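The structure under discussion appears below in the form of structure tokens.
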Amino acid sequence: MNIKSIFIKINGTVQGVGFRPFVFRLATSFKITGKVWNTEQGVSILAQGTDEILTSFVEQLKTSGPPLSSIKEITVESDISDYNYSDFSIVKSTGGGKPQVDITRDTAPCSHCISELNNPADRRYHHPFINCTDCGPRFTIIKSLPYDRKETTMAEFALCKECSEEFTDPSNRRFHAQPVCCNKCGPVLSLHDVDGKQIDSGNTVAEAIKLLADNAIIAIKGLGGFHLACRADSDKALNLLRSRKGREEKPFALMVKDSFIAEKYTIISDKEKKLLESCERPVVILQKRDAVENILSPLIAPGINTLGIMLPSTPLHYLLLDTDKYDILVMTSANYTSEPLCSENEDAMIRLHTIADAYLVHNRRIHIRIDDSIVRVIDNSPVIIRRARGYAPSPVPADTSVEGIIGLGGIMKSTVAVGRGESCYVSHYLGDASSIPVLNNYEQVLRHTMDILGVKPRVYAHDLHPGALTANLADKGVPVIKVQHHHAHAVACMGENHLKGKTICVVYDGLGMGTDGTIWGGEILLADRKSFERIGYCKPVPMPGGDAATLFPGRMALGALFNDYRQYSDTVCGWMDESERRAVISILESGIPLPYTSSMGRLFDACAAILDINRKQTYEGQPAIELESIVSKKEFASYDIQVDFDISGRGIINGPKILFYVLMDLINNIDPALIAARFHNTIVANTVSIVTQLAEKYDINSVCLCGGCFQNKVLFENCVSELKKKELHLYSHHLLSSGDECISYGQVLIAKENINVSCYTG
Ligand code: ZN
Ligand code: ZN
Ligand code: FE
């Protein structure tokens with residue numbers, strides 16, 4: 001028998017996912033001898049066997065890895081050294097080089113762990129931290145790579161004899177599961193009253209359930225931070241939560257034990273069920289059942305037709321829902337608006353003092369804070385609304401080396417992105433970067449990501465907007481490139497779809513600084529990764545009072561109609577307070593230079609105000625979300641409004657004219673559900689008209705649909721179905737959110753193409 005040796009190097013997501021135990025079991029089953037170990041580049045294997053066996057071994061390595069692993073690259077070299085291994089073993093990790101492995105994400109308990117959790121005979125019965133190689137915490141507890149227990153926040157928990165045996169037994173499903181623990185040796189729960197005093201009780205979870213059942217608001221430490229939990233069927237609890245948290249109308253996320261219970265409250269498709277049950281455990285946006293407000297508090301998601309529901313993401317959540325006292329809980333991020341999540345016990349007890357009635361905490365530290373992800377099925381595919389726990393920090397492809405290029409993101413709802421090799425590591429959602437505590441969290445995540453990946457910054461990219469605070473995170477002395485916001489949106493969508501050449505990008509968005517000094521947001525760009533040309537836009541309108549026009553959409557409506565339909569200034573938004581109306585009109589008449597915007601988001605806001613669907617925006621996107629909620633599915637008509645082209649041949653969507661038709665319908669007592677549908681249909685018809693004319697003019701048939709407005713299901717699905725009829729190739733986001741969370745990634749790709757340009761202006 002001719003025995004030979006091979007040396008295999010694998011990189012990708014291969015640490016913290018049970019890859020070495022998998023290699024061990026596979027090698028043993030093939031009777032291969034040698035060893036496997038973690039390196040900073042991934043996993044290395046030295047294997048000895050016959051040619052034939054080694055070939056099958058490598059084949060199986062590629063195709064049958066553990067559920068959470070993914071191989072980016074595998075290299076096999078023959079090794080002529082004279083080894084003589086008698087068995088196969090897992091040996092100590094080596095460090096010292098440049099880390100190349102990916103950071104593994106956190107996942108929900110697997111089905112094996114759940115059945116042990118519920119089995120009174122199992123030694124981990126009701127253990128709130130049960131996990132195995134296929135599930136549990138990763139990203140939130142890792143301090144540095146390679147991924148070993150000593151580099152995690154589990155390091156301080158010494159393994160008991162039984163756990164240690166499982167950890168070292170290659171046939172055990174917890175073999176080398178770094179966060180392994182049990183009731184004897186793992187972290188422990190404790191329950192504290194409003195002043196932080198520990199509530200002594202024989203059964204902490206049972207006590208917490210009792211408090212929740214009695215309408216208490218409890219701050220609960222989860223995987224990546226604290227949640228605030230309370231009963232979802234209690235107006236009393238919800239009223240308290242809204243007033244204490246200072247959250248007027250933004251919907252609260254809910255948690256239920258399984259998708260059967262979710263179905264009691266919402267209508268769920270197969271795709272949505274799969275998403276709910278996926279190991280990432282995102283909040284899934286689902287359609288409310290008609291009578292749901294009879295069994296749930298109407299204060300959960302006022303004014304909209306959807307609920308955000310997730311299944312448990314930790315064993316503790318399973319235990320808290322194992323009761324007949326309630327079957328659904330509000331589970332909302334425990335932070336004040338514009339502050340990052342609370343992650344440590346003492347910090348939570350100080351910051352949440354005026355919100356929570358009690359604290360359910362534990363003594364495992366959270367190294368990196370992360371929110372829950374939010375996903376919605378649109379056009380029959382999962383679309384990420386907020387990318388965080390379970391998804392981040394999986395890398396996004398760059399298709400070119402972006403080593404050392406750092407994207408600092410936008411202003412609202414942002415992220416940071418770190419380029420390494422041909423991948424871009426886009427952080428999880430970090431919140432609104434306009435507050436100092438949130439900005440400090442940005443800095444921590446950015447440094448942690450660069451450290452853990454071993455990346456040295458070569459160039460920083462940030463938003464063109466002079467008020468972008470994230471720009472301050474760039475190291476002094478490192479070159480900086482300013483990137484136009486909507487170009488970044490466009491290129492992020494192109495990048496995800498591996499597009500490099502010129503593409504028509506429909507960017508319907510909120511606000512972003514344009515290159516002409518006005519505020520953009522309803523743009524059609526002819527873009528590649530280096531530059532762009534603005535080939536279409538929404539007709540710019542004044543924003544009376546600047547930011548106040550975003551907060552109070554009635555002002556936006558008055559502003560949008562003012563230049564062309566001034567005679568209706570006293571008719572539009574009849575609900576408006578007269579003194580406010582006069583004040584807004586006098587600003588518009590005064591001749592003071594006002595900011596102008598082409599934002600599509602603001603056009604939706606104005607429509608919502610005219611129809612009296614929304615008078616005040618209490619969370620981002622609220623007017624548009626509420627407008628979408630009332631759209632009649634049976635109305636297919638649109639307003640007979642043609643698109644214009646300016647002297648440079650750029651297409652124009654006449655927003656004021658569309659709003660004027662909306663107003664006329666309203667005056668004629670047409671049902672707002674029909675008007676909302678006609679408004680959406682007209683935007684779609686105008687978009688299709690402009691895009692098809694420009695596609696022909698420029699002889700390009702690739703079209704990206706991007707920007708935050710495409711989180712609107714009606715707008716996106718109708719644009720897709722109409723544009724598909726024109727035989728255009730459509731692209732949209734599938735890895736990142738179409739909102740501003742993708743900006744940092746777009747910035748990295750654009751900076752790469754402009755790296756030697758001292759001043760990038762789009
Ligand atoms: Zn498990
Ligand atoms: Zn143990
Ligand atoms: Fe944006």
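Bear in mind that the values in this text are calculations on the coordinates, not laboratory data. In this text, all values refer to a predicted model and were calculated from it rather than measured experimentally. Glycine gets a Cβ as well: all are built from the backbone with ideal geometry, and neighbour counts include every protein chain shown.
Taking amide H positions as placed 1.01 Å from N in the peptide plane, with prolines and chain starts having none, which residues 5 or more places from residue 331, or on another chain, fall under 5 Å of its amide H?
When sequence neighbours closer than 5 places are left aside, the close amide H contacts are 253, 254, 255.
Please quote Rg/Rh for segment 448-573 to two decimal places, taking the Kirkwood radius as Rh and restricting both calculations to Cα atoms.
Looking at segment 448-573, the ratio lands at 1.08.
Provide the descending list of Cα extents for the chain along its principal axes, expressed in whole angstroms.
For the chain, the Cα spread along each principal axis is 90, 61, 49 Å.
Say the cut-off is 28 Å between C-alpha atoms; which of 62/257; 273/726; 236/616; 236/413; 72/725 go over it?
Checking Cα-Cα distances, 62/257; 273/726; 236/413; 72/725 exceed 28 Å.
Which aspartates and glutamates, on any chain, are close to residue 657 with Cα under 12 Å apart, when same-chain ones fewer than 8 places away are left out?
Qualifying aspartates and glutamates at Cα under 12 Å: 564, 640, 644.
Over segment 4-90, with a single point scatterer placed on each C-alpha, what log10 of the ratio I(q)/I(0) does the Debye formula yield at q = 0.14, 0.21, 0.22, 0.23 1/Å?
-0.41, -0.95, -1.05, -1.16
Counting only the backbone N, which residues of segment 390-418 are under 19 Å from the spot 7 Å out from the Cα of residue 434 toward its beta-carbon?
From segment 390-418, the list is 408-416.
If eta is 0.890 mPa s and T is 25 °C, what Stokes-Einstein diffusion coefficient results for segment 596-670, Kirkwood Rh from Cα pairs, in µm²/s?
Translational diffusion coefficient: 178 µm²/s.
Within 10 Å of each candidate Cβ there may be at most 16 other Cβ atoms; applying that plus a DSSP loop requirement, which trypsin sites (Lys or Arg not before Pro) in segment 693-749 survive?
Sparse-neighbourhood loop trypsin sites (Lys or Arg not before Pro): 725, 726.
With r defined as the distance between the Cβ atoms of residue 183 and residue 94 and R0 fixed at 35 Å, what FRET efficiency is calculated, to the nearest 0.05?
Here the calculated transfer efficiency is 0.55.
Near the amide H of residue 465, under 5 Å away, which other amide H atoms are found, from residues 5 or more places off or on another chain, if H is placed in the peptide plane?
513
Taking the 0 to 90 degree range and rounding to the nearest ten, how far is the long axis of helix 235-245 tilted relative to the main principal axis of the chain, both from C-alpha atoms?
That helix lies at roughly 90 degrees to the long axis.
Please provide three numbers in whole Å: the alpha-carbon extents of segment 491-565 along the principal axes, with the largest listed first.
Rounded to whole Å, the extents work out to 41, 23, 18 Å.
Pop out the ³J(HN,Hα) list for segment 457-474 in order, Karplus 6.51 cos²θ - 1.76 cosθ + 1.60 with θ = phi - 60°, rounded to Hz; leave Gly and Pro as x.
Those phi angles translate into x, 10, 7, 10, 10, 9, 6, 4, 4, x, x, 6, 5, 4, 4, 5, 7, 5 Hz.
Which value, in debye to the nearest 20, gives the size of the charge dipole of segment 103-186 about its Cα centre, when Lys and Arg are +1 and Asp and Glu are -1 at the Cβ?
140
What is the order of 671, 106, fewest Cβ neighbours within 10 Å to most?
Going from sparsest to densest Cβ surroundings: 671, 106.
Any idea what the alpha-carbon Rg over 2.2 N^0.38 Å comes to for segment 53-208?
That works out to 1.30 for segment 53-208.
Along its three principal axes, how long is segment 537-705 when you only count alpha carbons? Whole Å, largest extent first please.
52, 40, 30
Are there any chymotrypsin sites (Phe, Trp or Tyr not before Pro) in segment 574-683 that are in a DSSP loop and have at most 13 other Cβ atoms within 10 Å? List them by number.
Those that pass, being in a loop and sparsely packed, are 575, 619, 636.
Taking each pair of different alpha-carbon atoms in segment 209-264 once, compute 1/r for the pair, average those values, and report the inverse of that mean as the Kirkwood hydrodynamic radius in Å to one decimal.
12.4
Mean residue ellipticity at 222 nm from the helices of the chain, using -39,500 (n - 2.57) per DSSP H segment of n ≥ 4 over the full residue count, to the nearest 500 deg cm²/dmol?
-9000 deg cm²/dmol
Taking amide H atoms as placed 1.01 Å from N in the peptide plane, list the residues 5 or more away in sequence, or in a different chain, whose amide H sits under 5 Å from that of residue 481.
Amide H to amide H, under 5 Å and 5 or more residues apart or across chains, residue 481 pairs with 460, 461, 462.
Using the beta-carbon distance between residue 59 and residue 619 and R0 = 45 Å, what value does 1/(1 + (r/R0)^6) give for FRET efficiency, to the nearest 0.05?
The value I calculate is 0.30.
With 27 Å as the cut-off, how large is the P(r) tail for segment 189-374, expressed as percent of Cα-Cα pairs?
When all Cα pairs of segment 189-374 are counted, 21 percent exceed 27 Å.
Using the Karplus curve 6.51 cos²θ - 1.76 cosθ + 1.60 with θ = phi - 60°, work out ³J(HN,Hα) for each residue of segment 293-306 in order, rounded to whole Hz, and write x for Gly and Pro.
Karplus-based 3J(HN,Hα) across segment 293-306 equals 6, 7, 10, 10, 5, x, 7, 5, 9, x, x, 10, 9, 10 Hz.
Pulled fully out, how much extra length does the chain show between residue 193 and residue 51, if you take 0.36 nm times their separation in residues and subtract their Cα-Cα distance?
Roughly 44.6 nm would be gained on extension.
Reachable lysines from residue 476, Cα under 19 Å, same-chain residues fewer than 8 places away excluded?
Reachable lysines: 456.
Taking other Cβ within 10 Å of each residue's Cβ, how do 143, 221, 325 sort, fewest first?
Ordered by Cβ neighbours within 10 Å, fewest first: 325, 143, 221.
Assigning unit charges at the beta carbon (Lys, Arg +1; Asp, Glu -1) and nothing else, what dipole magnitude in debye, to the nearest 20, does the chain show about its Cα centre?
The dipole of the chain has a size of about 880 debye.
At residue 324 and residue 80, where each label point lies 7 Å from the Cα along Cα→Cβ, what is the point-to-point distance in nanometres?
Between residue 324 and residue 80, the label points sit 7.5 nm apart.
In segment 671-758, what is the volume of the convex hull around the alpha carbon atoms, normalised per residue and reported in Å³?
Convex hull of Cα atoms, per residue: 131 Å³.
Apply the Karplus parameterisation 6.51 cos²θ - 1.76 cosθ + 1.60, with θ equal to phi minus 60°, to every residue of segment 596-603 and state each ³J(HN,Hα) to the nearest whole Hz, in sequence, with x for glycine and proline.
Listing the rounded values in order: 10, 9, 9, 5, 6, x, 5, 5 Hz.
Along the positive direction of the dipole of segment 435-543 (beta-carbon charges: Lys, Arg +1; Asp, Glu -1; about the Cα centre), which of 478, 468, 497 reaches farthest?
Toward the positive end, the furthest listed residue is 478.
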